[in-house]
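First the structure, in the form of structure tokens, and then the observations on it.
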Amino acid sequence: MRDDDMDRPKRTVSHTIGENLDTLSLDEIAERIALLRAEIERLESARTGKKTALDRASSIFKL
């Protein structure tokens with residue numbers, strides 16, 4: 001790796017749904033897949049937490 005490469009700020013990986021993928025390299029596509037998988041895991045975790053809280057509240061306030 002060159003010293004020039006070490007000094008460059010790292011590019012933030014981001015993705016927009018529906019974005020044109022034609023100009024992306026294989027590595028860039030892999031980065032985006034990893035990003036989206038991590039986001040799916042984060043969303044699923046949030047959903048599980050909210051469902052657990054809702055289930056607990058429902059069991060407390062049952063009539």
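Since every read-out is calculated from the coordinates, none of them should be taken as a lab result. All figures in this text were calculated on a predicted structure; none of them were measured in a lab. Note that we place each Cβ from the backbone using ideal geometry, even for glycine, and neighbour counts take in every protein chain shown.
Numbers below:
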| read-out | value |
| --- | --- |
| Charge sum, other residues only, whose C-beta stays under 15 Å from LEU21's C-beta, Lys/Arg counted +1 and Asp/Glu -1 | -4 |
| Vicinal HN-Hα couplings computed from phi for segment 27-40 (Karplus, 6.51 cos²θ - 1.76 cosθ + 1.60; Hz; Gly/Pro x) | 5, 5, 5, 4, 4, 5, 4, 4, 4, 5, 4, 5, 5, 4 |
| Inter-site label distance for ARG8 and ASP22 at 7 Å from Cα along Cβ, in nm | 2.5 |
| Selected from ALA30, THR52, HIS15, residue furthest toward positive end of dipole (the chain; charges at beta carbon) | THR52 |
| Set of aspartates and glutamates near LYS10 by C-alpha distance (under 19 Å), chain-local residues within fewer than 8 positions excluded | ASP27, GLU28, GLU31 |
| Within a Gaussian network of the chain (alpha carbon springs, distance under 10 Å), most fluctuating of ARG42, ARG11, ARG32 | ARG11 |
| Point-charge dipole on Cβ atoms (K/R +1, D/E -1) for the chain, about Cα centre, debye to 20 | 780 |
| Among [x] 135; [y] 66; [z] 106, the entry derived from the coordinates for volume of the Cα convex hull per residue in Å³ | [x] |
